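To start, the structure under review is shown below, and the notes come after it.
Computed from the coordinates by the stated procedures, all read-outs in this text should not be read as laboratory data. The structure presented is a predicted model; accordingly, all values stated were derived computationally and were not measured. Quick reminder, even Gly has a Cβ in these numbers, built from the backbone with ideal geometry, and neighbours come from all protein chains shown.
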Amino acid sequence: MIDIHHHLLWDQDDGSTSLALSLEMAQMAAEDGITHIACTPHANSYYDYDPLSVTAKIEELQQLLRQRNIPVILGRGCDFHTSYDNIQLAHNDPTRFSLNSGGYLLVEIPDHALPPTLNEVFYQMQLDGVIPILTHPERNLTLQKDLPRLKEWLRSGVLVQVTAGSVTGRMGKTAQRMAHELLSKRWVHFLATDAHNVTSRPPRMREAMELVAEKYGSDYAHLLCVSNPLAAFMNKPMQPQLEPIDLYEDQAPRSWWRRLLGR
Ligand SMILES: [Fe+2]
């Protein structure tokens, strides 16, 4: 499994608090079957994000993992918050925050309200050649009551990442209910741990993957935990997805010649 959202780096944000804990988290992830981790510290008004120092920390940790035979490949990403400064920086240099400087970018929303300019932010990112991955919409109180908003973003090409802990119920009943609603519609593209430590927010996704396989099929589980996140990690196009349910049905019917041409 490939984990594209993980606060593994020590003393970088509210994730790992020591190098020893980062090593413990990586070990736990490896034991769970995670082979790749994108280290994605927050970039917001509390936590500064400097790609060079983040990269240096990743290299240091990768070397220690190799020495300890912990079989995890690290990459760099960012838990990108949509502050004015971040948006300008990402516009000027889209690869500054993206996964391994490629074309996929995690976009974090708060757990309560939604930033009013998100539509424009997503649109501008796509114009800049970046595919936004909306992180854990199932945990957002506004989106929990406003699925059409999410539907609109999905239609415009935004991808969705759900937290593994939401699938298994660790993030509360409401998040779990919404996670399963999204999964049942195949509106999810990635599962990720969003791990912060080894206790309350652990780096585990196997249980969630197995649950998805059992309830929604092993093909879908493989897409969410292996194929799609690996494509994002490696900056490759994602393979064809399973048909989403109830995503385009209320759009205007295609004209006869579009149907004929399959467009
Ligand atoms: Fe996060």
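For segment 139-197, which trypsin sites (Lys or Arg not before Pro) are both in a DSSP coil and crowded by at most 10 other Cβ atoms within 10 Å? Display every interim value, and only then the final one.
Working: sites: ARG139, LYS145, ARG149, LYS151, ARG155, ARG170, LYS173, ARG177, LYS185, ARG186; in loops: LYS145, ARG170, LYS185, ARG186.
Answer by residue number: LYS145.
Charges at C-beta only: +1 for Lys and Arg, -1 for Asp and Glu. How large is the resulting dipole of the chain about its Cα centre, in Debye rounded to 20?
Values: 24 positive and 31 negative charges, 179 e Å.
My answer is approximately 860 debye.
Of all the C-alpha pairs in the chain, what % are more than 28 Å from each other? Intermediate values should be presented prior to the final figure.
Details: 10666 of 34453 pairs.
In whole percent, the long-distance tail amounts to 31.
Return the equivalent ellipsoid semi-axes of segment 1-112 as a descending list in whole Å, where each equals the square root of 5 times an eigenvalue of the C-alpha gyration tensor.
With the √(5λ) rule applied to segment 1-112, the semi-axes are 24, 14, 13 Å.
With charges set only on the Cβ (+1 for Lys and Arg, -1 for Asp and Glu), what does the dipole of segment 9-138 come to about its Cα centre, in debye to the nearest 20?
Result for segment 9-138 is approximately 420 debye, rounded to the nearest 20.
Could you identify which residue out of GLY77, GLY217, GLY33 has the top mean-square fluctuation in a GNM of the chain using Cα springs shorter than 10 Å?
In this elastic network of the chain, the residue with the biggest mean-square fluctuation among GLY77, GLY217, GLY33 is GLY217.
Go ahead and run the numbers for FRET between GLU152 and ALA56, Cβ-Cβ distance against an R0 of 25 Å, rounding to 0.05.
Values: r = 40 Å, r/R0 = 1.59.
Calculated transfer efficiency: 0.05.
Within the set LYS151/LYS173; LYS173/LYS236; LYS151/LYS215, which residue pairs have Cα atoms separated by over 25 Å?
Values: LYS151/LYS173 22 Å; LYS173/LYS236 35 Å; LYS151/LYS215 22 Å.
Check vs 25 Å cut-off fails for LYS173/LYS236.
Test of understanding: what is the full-extension gain from GLU120 to HIS91, defined as 0.36 nm times their sequence separation minus their Cα-Cα distance?
Details: separation 29, 0.36 × 29 = 10.44 nm, distance 1.22 nm.
Extra length available between GLU120 and HIS91 comes to 9.2 nm.
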